[in-house]
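Enquirer: What follows is a single structure, and I will ask about it in a moment.
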Amino acid sequence: MVLKTMVGFGRGLALVTLAVTNLVMLAVSAVVLVLCFGLGMIFLFPATVRMVRGRARQARQIAGAWSGVEIDAPYSPAPPPPQPQRDGWYREGRQLYRTSLVPSFNRTWNWMTKDPATWRDFAWLLAEPPVGGLLAASPLIMVGCGVALVRVWQPVEVLAGVVLAIAGVLVAPRIARVHGLWTRLLLAPTKKARLANEVRHLTQVHTEAVDSQAAELRRIERDLHDGAQARLVAIGMTLGAAEELVDSDPTAAKALIAKVREASAASLIELRQLVRGIHPPVLAERGLGDAVRALALDSPLKVTVSVELPVRPEAPVESAAYFVITELLANASRHGDARNVAVDISHRRSALRVTVTDDGHGGADPSRGSGLRGIERRLSAFDGVLALNSPPGGPTVATVELPRAFPADAVRRSTLPVWKQRLLAVCWGLFWLPLFPQGLAAMFSKIFGSDVRSWFLALYLPEPFQWPVILGMIALGVAMVSFAVMTTKQMKEREGSCV
């Protein structure tokens with residue numbers, strides 16, 4: 001407790017110091033805005049905005065680290081750099097420019113001035129010293145005023161000073177949380193900004209999905225052209241040669257027909273591999289677990305597979321998870337020099353979670369490998385994420401999570417085991433029996449000395465056992481209704497989180 005209080009005072013003092021630096025930054029920004037919009041020195045504006053955004057980004061990071069209040073960046077994405085035309089000139093509206101300096105500045109200017117988050121940052125810069133600074137300094141002020149009142153050494157002042165000092169000590173550990181909430185009030189993205197970012201993200205995901213699908217179709221076309229099609233053409237030519245030799249040289253014709261049979265078998269194997277690369281039949285027929293087990297049997301690694309799923313995931317998600325596991329196993333074999341791999345397929349509410357752990361030498365990095373980047377692109381179409389932990393020397397742990405992988409009604413049905421559902425029904429249906437007639441009613445009958453025993457079971461027992469049985473019945477009824485209420489609340493929370 002003492003440590004938390006001291007940390008709270010220290011963080012409050014640091015926040016006060018940062019609020020004071022905001023005053024300096026505010027004065028510089030005010031001068032720059034006057035020069036920009038009063039004297040036309042607009043070239044100073046982008047640098048000032050970046051300075052203010054850097055300070056706002058620091059405030060968001062502090063809020064997340066010190067108070068757990070996560071604040072997303074509210075800014076719209078930066079515009080792409082201007083591209084030259086075929087003649088080397090840059091077009092901006094109806095104007096042509098020899099270099100990209102003016103078009104780039106115009107795009108940056110429009111991006112910064114038309115983004116509402118820019119002006120909210122300036123508003124926060126103005127309001128932070130009087131509001132945020134006072135919030136952060138309030139524990140110090142309360143303790144200081146309390147000490148000053150105690151030094152007056154009058155009964156009322158001493159009492160008020162002690163109360164203020166104690167209040168300051170109690171508030172200090174929580175002041176970072178309060179300041180983080182204040183920061184989120186001005187620096188968090190608005191609903192409109194969140195919606196615009198989501199639309200932009202969906203557009204990007206759609207574009208990547210279309211590009212990925214086009215690349216997949218080109219791969220299939222290339223494999224058919226270079227593999228099965230070439231073999232079929234060769235088979236046709238070999239059959240033509242055998243047809244010419246069947247009368248003049250039957251032995252040579254039989255040899256050619258044998259080669260045709262071998263080539264047709266090889267073509268069939270290639271087509272099966274191609275079909276497996278598009279959508280394995282075992283995945284469609286048996287589901288993700290059996291498909292991964294079949295994949296493990298074909299792998300040169302020693303692969304252990306554990307599966308715990310309530311139902312089969314949605315077909316597109318199931319296919320994406322299968323190919324992600326395929327790529328991770330291939331990476332472990334080719335790049336990680338692994339020997340043993342563990343694949344765990346489970347679920348967390350309505351999300352599908354896949355964890356692949358190998359004993360390779362580690363060092364995997366998505367920025368250096370096209371395979372991992374391809375996994376991220378495949379997952380982005382489903383709002384999935386890839387978390388990779390691969391220190392040098394290993395092991396490598398890749399965790400994939402795909403949200404909304406299961407139908408909502410199936411997840412709701414699987415939130416509780418069958419025995420617990422039956423016990424819940426019994427508790428809701430019968431809790432009144434031990435609580436009221438066998439418990440409370442029997443207790444009042446015993447207290448008031450009623451001669452009517454009715455169907456109160458405890459009153460038919462010997463005198464020493466009556467009170468223990470009555471109290472036990474009441475306790476049983478309370479336990480049953482408590483279990484029913486808590487379990488029902490948990491079910492509602494899980495169902496709400498699955499939607």
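Enquirer: Just to confirm my numbers, what's the Cα centroid distance between the range 1-53 and the range 461-486 in Å?
Expert: When both Cα centres are located, 64 Å separates them.
Enquirer: At q = 0.16 Å⁻¹, what is the log10 ratio I(q)/I(0) for the range 415-498, with the Debye formula run over Cα points and no solvent?
Expert: -0.65
Enquirer: Would you work out which of Ile375, Gly477, Ala265 lies farthest towards the positive end of the dipole of the chain, given +1 charges on the beta-carbon of Lys and Arg and -1 on that of Asp and Glu, about the Cα centre?
Expert: Of Ile375, Gly477, Ala265, it is Gly477.
Enquirer: Separation of the range 108-159 and the range 324-396 by C-alpha centroid, Å?
Expert: Centre-to-centre distance over Cα atoms comes out at 47 Å.
Enquirer: Nearest 500 deg cm²/dmol is fine: what mean residue ellipticity at 222 nm does the chain get from its DSSP H runs of n ≥ 4 alone, each adding -39,500 (n - 2.57), divided by its residue count?
Expert: So the helix-based figure for the chain works out to -22500 deg cm²/dmol.
Enquirer: Next question. Efficiency by 1/(1 + (r/R0)^6): what FRET value for Asp451 and Lys489, r their Cβ-Cβ distance, R0 = 45 Å, to the nearest 0.05?
Expert: 0.55
Enquirer: Show me, for the range 338-345, the HN-Hα J-couplings you get by feeding each phi into the Karplus relation (A = 6.51, B = -1.76, C = 1.60, θ = phi - 60°), rounded to Hz, glycine and proline as x.
Expert: Running phi through 6.51 cos²θ - 1.76 cosθ + 1.60 with θ = phi - 60° gives 7, 10, 10, 9, 10, 10, 10, 10 Hz.
Enquirer: Could you give the semi-axes, largest first, of the ellipsoid that matches the range 21-175, computed as the square roots of 5 times the alpha carbon gyration tensor eigenvalues and rounded to whole Å?
Expert: So the three semi-axes of the range 21-175 are 50, 17, 8 Å.
Enquirer: Let me spell out the model: positive unit charges on the Cβ of Lys and Arg, negative unit charges on the Cβ of Asp and Glu, origin at the Cα centre of the range 415-498. What dipole size does that give, in debye rounded to 20? Let's see the in-between values first.
Expert: Working: 7 positive and 4 negative charges, 56 e Å.
Roughly 260 debye for the range 415-498.
Enquirer: Expressed as a whole number of Å, what is the distance separating the alpha-carbon centroids of the range 242-257 and the range 169-193?
Expert: Here the answer is 87 Å between Cα centres.
Enquirer: Grab the eigenvalues of the alpha-carbon gyration tensor for the chain, scale each by 5, take roots, and send me the semi-axes largest first in whole angstrom.
Expert: Values: eigenvalues 726, 489, 78 Å².
Over the Cα atoms of the chain, the ellipsoid semi-axes are 60, 49, 20 Å.
Enquirer: Treating only the Cβ atoms of Lys and Arg (+1) and Asp and Glu (-1) as charged, compute the dipole magnitude of the chain about its Cα centre; round to the nearest 20 debye.
Expert: 1640 debye
Enquirer: Give the residue from Leu126, Gly360, Trp89 lying farthest towards the positive end of the charge dipole for the chain; charges sit on Cβ (+1 for Lys and Arg, -1 for Asp and Glu) and the dipole is referred to the Cα centre.
Expert: Farthest towards the positive end: Leu126.
Enquirer: Size of the dipole of the range 286-410 about the Cα centre, Lys and Arg at +1 and Asp and Glu at -1 on the beta carbon, nothing else charged, in debye to 20?
Expert: Dipole magnitude for the range 286-410 comes out near 80 debye.
Enquirer: Total Lys pairs in the chain closer than 18 Å by alpha-carbon, pairs eight or more apart in sequence or interchain only? If you can, show how the numbers build up before the last one.
Expert: Values: Lys114/Lys191; Lys114/Lys192; Lys420/Lys489; Lys420/Lys492.
Lysine pairs, 8 or more places apart or on different chains, close enough: 4.
Enquirer: Would you mind computing, in nm to one decimal, how far apart the modelled labels at Arg348 and Thr251 are, each placed 7 Å from Cα along Cα→Cβ?
Expert: 7.1 nm
Enquirer: Within 10 Å, at most 14 other Cβ atoms, and a DSSP state outside H, G, I, E, B define an exposed site. Report the longest part of the chain free of exposed GluC sites (Glu not before Pro).
Expert: Counting at most 14 other Cβ atoms within 10 Å as exposed, the longest clean stretch of the chain is 71-307.
Enquirer: Rank Ala342, Ala230, Ala65 by how far each Cα sits towards the positive end of the charge dipole of the chain (+1 on Lys, Arg Cβ; -1 on Asp, Glu Cβ) and give me just the farthest.
Expert: Comparing the listed Cα positions along the dipole, Ala65 ranks first.
Enquirer: In what sequence do Cys145, Cys427 fall when counting other Cβ within 10 Å, fewest first?
Expert: The fewest-first ordering by Cβ neighbours comes to Cys145, Cys427.
Enquirer: Quote the FRET efficiency, to the nearest 0.05, computed for Val34 versus Trp109 with a Förster distance R0 of 25 Å and r equal to the Cβ-Cβ distance.
Expert: For Val34 and Trp109, the calculated efficiency is 0.90.
Enquirer: Going by the alpha-carbon gyration tensor, a ≥ b ≥ c the square roots of its eigenvalues, is the range 63-142 rounded (a/c under 1.5) or, if a/c is not under 1.5, prolate (a/b greater than b/c) versus oblate?
Expert: Prolate.
Enquirer: Let me ask something else about it. Among all stretches of the chain without exposed trypsin sites (Lys or Arg not before Pro) (DSSP loop, at most 11 other Cβ atoms within 10 Å), which one is longest?
Expert: Answer - 115-367.
Enquirer: Around Asn389, with a cut-off of 15 angstrom between Cβ atoms, what is the net charge of the other residues, counting Lys and Arg +1 and Asp and Glu -1?
Expert: Working: positive: Arg353; negative: Asp344, Asp358, Asp359, Asp365, Glu401.
Local charge sum for Asn389: -4.
Enquirer: Next up: Which longest run of the chain has no exposed loop site in it, a site being chymotrypsin sites (Phe, Trp or Tyr not before Pro) in a DSSP loop with at most 10 other beta carbons within 10 Å, and the site itself not part of the run?
Expert: On the way: sites that count: Trp153, Phe448, Trp455.
Excluding the exposed sites themselves, the longest stretch runs over 154-447.
Enquirer: So if R0 is 30 Å, what FRET efficiency would Thr5 and Arg57 give, r being the distance between their Cβ atoms, rounded to the nearest 0.05?
Expert: With a Förster radius of 30 Å, E is 0.55.
Enquirer: Something else: Could you estimate the translational diffusion coefficient of the range 286-410 from the Stokes-Einstein equation, with Rh from the Kirkwood formula over C-alpha pairs, at 4 °C and 1.567 mPa s, in whole µm²/s?
Expert: 90 µm²/s
Where a number appears in this text, it was derived from the coordinates with a stated rule and is not lab data. These numbers come from a predicted model, not from an experiment. Every residue, glycine as well, gets a Cβ built from its backbone with ideal geometry; the counts of neighbours run over all protein chains shown.
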